[in-house]
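For reference, the structure discussed in these notes is given below.
All of the numbers you see were taken from the coordinates with simple rules; none came from a lab. This one's a predicted model, so the numbers in the text were calculated from it and none came from an experiment. Because the Cβ atoms are built from the backbone with ideal geometry, glycine has one as well, and the counts that use them run over all protein chains shown.
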């Protein structure tokens, strides 16, 4: 059956779809997913643009920001992504960071029960196989700790830190989705079983359980040398060293320079966003504990925060 010229044209038009005015890259952790959708619905409401949220890895988002195929990254963590920011923000000048950041912390944590019953309270305790054996969950006699999800830059840095401190030889370093790791923390806290894991804040886990950060030598910039696999695929681990605590951390919204030139009101909106640590914690709790859908949570958040949206859109 032959289609008329009008129908063919209509089919072609519909098949091509409607291109969104903006593409927001969404990372795979709870607050990043919530904030990506808040940005989407906030911009749609206040600026009348069509916004697409697209789940992507951080390096893919930055590559998209560089070419202009992606407009926004909701959480750029520093110092995790210092080298990436240098490449795209400082050198290529294709990406801009919002001036407003959220203060954060990172490190290795455990539960109060693990500290009190098993004496694991300092990072050096992870070098003692007699202590870390209690972290064994698969019966092979060697303990395990979660160091992050596979795609996180912090996971790479935690692997570097484990190598530098030496406990990569005494414990197995697990990489898995945050949802699975937090379920393990919940279970360990409920049953008083020992557990050690990578932690960051703002995060709801500190509200749910009595979480203790392992003590470490203070941060020293001279001893913090991080080379990411994206910078040196073959030699990143051997060229890195970080046997000290994380420096004070923070994260910012990033947007493409092309977006700022094309849509200056969007750039202004993004630069005015001022999420608080408490709000970030509430986002992670809503998505990971209450199992709320990111889009549904964001719609409700936008509907109940009209005054904040007004401030951001000035």
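Relative contact order of the stretch 41-144: 11 percent, from C-alpha pairs under 8 Å at least 6 residues apart in sequence. Only Cα pairs under 8 Å and 6+ residues apart enter the sum, and on that basis the relative contact order of the chain stands at 26 percent. The angle between the Cα long axis of helix 294-304 and the main principal axis of the chain comes to about 70°, on a 0 to 90 degree scale. Among 197, 255, the order by Cβ neighbours within 10 angstrom, fewest to most, reads 197, 255. Classify the chain from the C-alpha gyration tensor, please: rounded if a/c falls under 1.5, else prolate or oblate depending on whether a/b exceeds b/c. Verdict is prolate for the chain. For the stretch 297-314 and the stretch 80-120, what is the centre-to-centre distance using only Cα atoms, to the nearest Å? About 26 Å separates the Cα centre of the stretch 297-314 from the one of the stretch 80-120. Prolate is the label for the stretch 105-242, because a/c, from the alpha-carbon gyration tensor with a ≥ b ≥ c as root eigenvalues, is 1.5 or above and a/b exceeds b/c. Rounded to the nearest 5, what % of DSSP beta bridges with both residues in the chain are antiparallel? Of all bridge pairs located within the chain, approximately 60 percent are antiparallel. Between the alpha-carbon centers of the stretch 201-222 and the stretch 224-260, tell me the distance in whole angstrom. Centre-to-centre (Cα) distance: 19 Å.
Put a dot 7 Å past the Cα of residue 231, heading toward its Cβ, do the same for residue 299, and the two dots end up 4.3 nm apart. Sorted fewest first by neighbouring Cβ atoms within 10 angstrom, 287, 97, 81 come out as 97, 287, 81. Against the chain, whose longest principal axis is taken from its Cα atoms, helix 277-288 shows a tilt of about 90°. Rounded, prolate or oblate for the stretch 184-297? Axes are the square roots of the Cα gyration tensor eigenvalues, ordered a ≥ b ≥ c, and the cut-off for rounded is a/c under 1.5. It is oblate, given that a/c is not under 1.5 and a/b is not larger than b/c. Entry note, the chain: the mean residue ellipticity at 222 nm calculated from DSSP H runs of n ≥ 4, each adding -39500 (n - 2.57), is -12000 deg cm²/dmol after division by the residues and rounding to the nearest 500. Compared with the dominant principal axis of the Cα atoms in the chain, helix 178-191 is inclined by about 40°.
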